[in-house]
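A.B. asks: Structure in C-alpha cells, see below.
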Amino acid sequence: MPLEGAHEKDFGMKTPDGPVCVHDCEDGELKSGGVIFEGGVQFFLNSVANGNRALAERLTRKNMKSLPYWKKHPSPELDGPEASDREFADAMAKL
C-alpha cells in the first residue's frame with residue numbers, strides 16, 4: 001500500500017526499490033507476489049468490494065501496479081484486468 005496519510009506508519013522494511021508495507025514482509029523478507037496479491041484481495045474483499053472477488057482482484061492489481069516495487073518487479077498475478085480510475089477512487093473513499 002502507499003505509505004502515506006493514514007498508512008505512513010505501516011513501514012515494514014526498505015528495499016533498493018523503496019519502502020515496503022509491514023503487511024508485505026515477514027522476518028525481514030518480502031513475501032511473494034502471490035501472497036501479497038491474495039492479501040490485497042482479501043483486504044478489498046472484506047472492506048469495500050462487498051464479497052465481489054473480481055472487483056477485489058481488479059482493485060488489488062490497480063493498487064499494486066501503482067507502487068514502485070511492482071513497477072520494477074512484475075508478478076504474474078498482476079496480469080489481468082485492473083479497476084478503472086473511478087472504481088479505485090470509489091473504493092478508496094470508502095476506506
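Read-outs: derived from the displayed coordinates by stated rules, not from any lab. Everything quoted here is computed from the prediction, not taken from an experiment.
A.B. asks: Which one is right for this structure if Cα extents along the principal axes in Å is calculated from it: (i) 33, 29, 21; (ii) 135, 16, 8; (iii) 37, 30, 22?
C.D. replies: Only one listed value fits the structure, namely (i).
A.B. asks: Hey, can you list the DSSP H helices of the chain whose Cα span along the axis is 20 Å or longer and whose average Kyte-Doolittle score is at least -1.0?
C.D. replies: Result, helices passing both filters: 33-47.
A.B. asks: Let me have the 222 nm mean residue ellipticity of the chain computed from DSSP H runs of 4+ only, each contributing -39500 (n - 2.57), with the sum over all residues rounded to the nearest 500. Can you show the working numbers first?
C.D. replies: On the way: 4 runs with 43 residues, N = 95.
Per the formula, -13500 deg cm²/dmol.
A.B. asks: Continuing with this model, one more query. Which ³J(HN,Hα) values, rounded to whole Hz and listed in residue order, are derived for the stretch 68-74 from phi using the Karplus coefficients 6.51, -1.76 and 1.60 in 6.51 cos²θ - 1.76 cosθ + 1.60 with θ = phi - 60°, glycine and proline given as x?
C.D. replies: Values, residue by residue: x, 4, 6, 5, 8, 10, x Hz.
A.B. asks: Further, regarding this structure: Quick one: of Lys14/Lys94; Lys31/Lys72; Lys62/Lys94; Lys31/Lys71, which pairs are farther than 19 Å apart, Cα to Cα?
C.D. replies: Lys14/Lys94, as the Cα separations exceed 19 Å there.
A.B. asks: Then there's this: Any idea what the relative contact order of the chain is, in percent, if you count C-alpha pairs under 8 Å spaced at least 6 apart?
C.D. replies: 23 percent
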